[in-house]
Amino acid sequence: MQTIKLGRTGPAVGALGLGCMGMSPGVYGPADEAEGVATIHAAIDAGVTLIDTGDFYGMGHNEMLIARALEDVPRSGVVISVKFGALRDPAGAFGGNDGRPQAVKNFLAYTLRRLRTDYIDIYRPARVDPAVPIEDTIGAIADMVRTGYVRHIGLSEAGAQTIRRAHAVHPIADLQIEYSLMSRSIETTILPTTRQLGIAITAYGVLSRGLLSGRVPSPSTKGDIRVVRMPRFKEGNLEKNLRLVEALRQIGNEKGASPAQLAVAWVRSRGDDIVPVLGARRREQLKETLGALELKLDAADIARIDAAVSPKLTAGARYDAPQMAHLDSEAHV
Ligand SMILES: NC(=O)c1ccc[n+]([C@@H]2O[C@H](COP(=O)([O-])OP(=O)(O)OC[C@H]3O[C@@H](n4cnc5c(N)ncnc54)[C@H](OP(=O)(O)O)[C@@H]3O)[C@@H](O)[C@H]2O)c1
C-alpha cells in the first residue's frame, strides 16, 4: 500500500487507516470482539499501519481489544493514534471533556497500561476543552513527547484558530476530522489552514457512519448511537439519504464499484495529505473498502458523484445539536 507522511514532522502511514471504535459494544450496537481482532490482523496484513482508538471507546475496552490484536505484531509496524479527554460515567453517559495538563498525563498513564505499550505514536484531545487554553493541553502532551511517552501530537475536530495556536506550541502531525461526500465543512477554512501549516488530515465518517454503503442499522438495534441520536439516520431523513446512495450506486455499477468504494475513493481524490480512517469492523467490510485503492476517479466521475451526493442534498447534520456544540471545528469554520 502507498504510504503517506502525516504532516511535516509526523510518521508515514499506509494510505488507509483503520478506526476501531465500532469494535467495542455500545457504539454501533453489539460488536464481535474476535471478528474485530481478525479485522485488525487482516488490515495490517494488507499494509494498513494507522490504528485509531479513543480511551473512552467502550471505556477502555477498545484499547484492550487493540492490545490483544497487537500481541504478536512488532510494535514498530503500527502507528497507534489515541484520543483522550471525553468524560463518561459508569452507565456510559458523556459528561464533557477534560484537557487540563494534569488530566492529560493521567489519561495517558492508563492508556499506556491498557494498550500494553511504552509509547503512543499520536496522542490527541478528542475535543477541544473550552475551559482550558489549547496551549496548556498541547503543552502537556509536548512534555510527554520530551519524556518519550508520546511520539507525535494530533488534534481532533479543531477549528482553524485552534489549529494555529496548537501548532505554535508544538508541530501537529494530523487533524482527525469528519470528511465525506456528505460532510464537507472542512473545505472552507480548516483545510486551507492545515495545508498552509503542513498538517495532514485523517478523515473519519468517510461512509457517514455506514450510510454511504447503503446498509443501515435496523431502528430496533440496541446500543447503536446512529439509531438513537444521529440526525441522518432519523425517519424522514434516512429515506432521502438512501435515495442519494442509490444514485451513487448507479455510478458505481458502471465502474464496477460499490457506493462505499466510491465514497472512499472520493475522499482520497481530495488530496495526498488526506488519509481516510476506515470504520470497518468486519473483514468483509475491510475487504470492500480496501478495494477503493484500485479505483481511479477522473474529473467527469467526480462531477457525476458530486451531483449525486453533496452536503446540500443530504438530510440532517452530522451530529445532533448537543454533540455539535462540542465541535470547535463547527464553531470556528
Ligand atoms: N475524531 C472523532 O471525533 C471521531 C469520531 C468518530 C469516529 N472516529 C474514528 O474514525 C473511525 C471511523 O469512523 P466512522 O464509524 O465514522 O466510520 P465510517 O467508515 O463512516 O462508518 C463505519 C461503519 O459503517 C458501516 N459499514 C458498512 N459497510 C462498510 C464498509 N465496507 N467498510 C466499513 N464500514 C462499513 C459499519 O457499520 P455496521 O457494521 O453496523 O454495518 C461501520 O461500523 C472510528 O472507528 C474512530 O476510530 C473519530
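Structure values in brief
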{"read-out": "In the range 79-88, the residues that are more than 10 Å from LEU115 (Cβ to Cβ) and touching a residue at least 40 places away in the same chain (Cβ under 8 Å)", "value": "VAL79, SER81, LYS83, PHE84, GLY85, ALA86"}
{"read-out": "Residue, nearest to GLY14 (Cα to Cα), within the range 63-108, restricted to residues that are assigned to a strand (DSSP E or B) and of a type in the set (S, T, N, Q)", "value": "SER81"}
{"read-out": "Count of the range 172-190 residues which are over 23 Å from VAL79 (Cα atoms) and either open to solvent by 30 Å² or more (accessible area, probe 1.4 Å) or out of contact with any Leu (no Cβ under 8 Å at 6 or more places or on another chain) (or both)", "value": "7"}
{"read-out": "Sole residue being of a type outside the set (S, T, N, Q), at pLDDT 95 or above and over 26 Å from ALA42 (Cβ atoms), chosen from ASP328, ASP272", "value": "ASP328"}
{"read-out": "Residue selected from the range 284-308 under the condition basic (Lys, Arg) and more than 10 Å from the ligand (Cβ to nearest atom), by the criterion nearest to LYS5 (Cα to Cα)", "value": "LYS296"}
{"read-out": "Single unsatisfied condition, ALA299 versus (1) buried (at least 16 other Cβ atoms within 10 Å of the Cβ); (2) at pLDDT 95 or above", "value": "(1)"}
{"read-out": "Cβ pairs under 8 Å, 6+ apart, first in the range 279-293 and outside any helix (DSSP H, G or I), second more than 9 Å from the ligand (Cβ to nearest atom) and of a type in the set (Val, Ile, Thr)", "value": "ALA280/THR39; ARG281/THR39; ARG282/THR39"}
{"read-out": "Residue that is within 19 Å of the chain's Cα centre (by Cα) and away from the ligand (no atom under 15 Å from the Cβ), where the choices are THR53, THR3", "value": "THR3"}
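For every residue, the table says whether it meets (1) more than 10 Å from the ligand (Cβ to nearest atom); (2) free of Cβ contacts under 8 Å to residues at least 40 places away in the same chain; (3) open to solvent by 30 Å² or more (accessible area, probe 1.4 Å); (4) in contact with a strand residue (DSSP E or B) (Cβ under 6 Å, 6 or more places away or on another chain).
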position	(1), (2), (3), (4)
GLN161	yes, no, yes, no
GLY198	yes, no, no, no
ARG215	no, yes, yes, no
ARG232	yes, no, no, no
ASN237	yes, no, yes, no
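The values are calculated or read from the model by the stated rules, or taken from the named source; none is laboratory data. Note that the coordinates shown come from a computational prediction; the quantities given were computed from them, not determined experimentally. Neighbour counts are summed over all protein chains in view; Cβ atoms, including those assigned to glycine, are modelled from backbone coordinates with ideal geometry. With ligands, DNA and RNA removed, areas are computed over all heavy atoms of the protein, side chains included. Shrake-Rupley method; radii C 1.70, N 1.55, O 1.52, S 1.80 Å.
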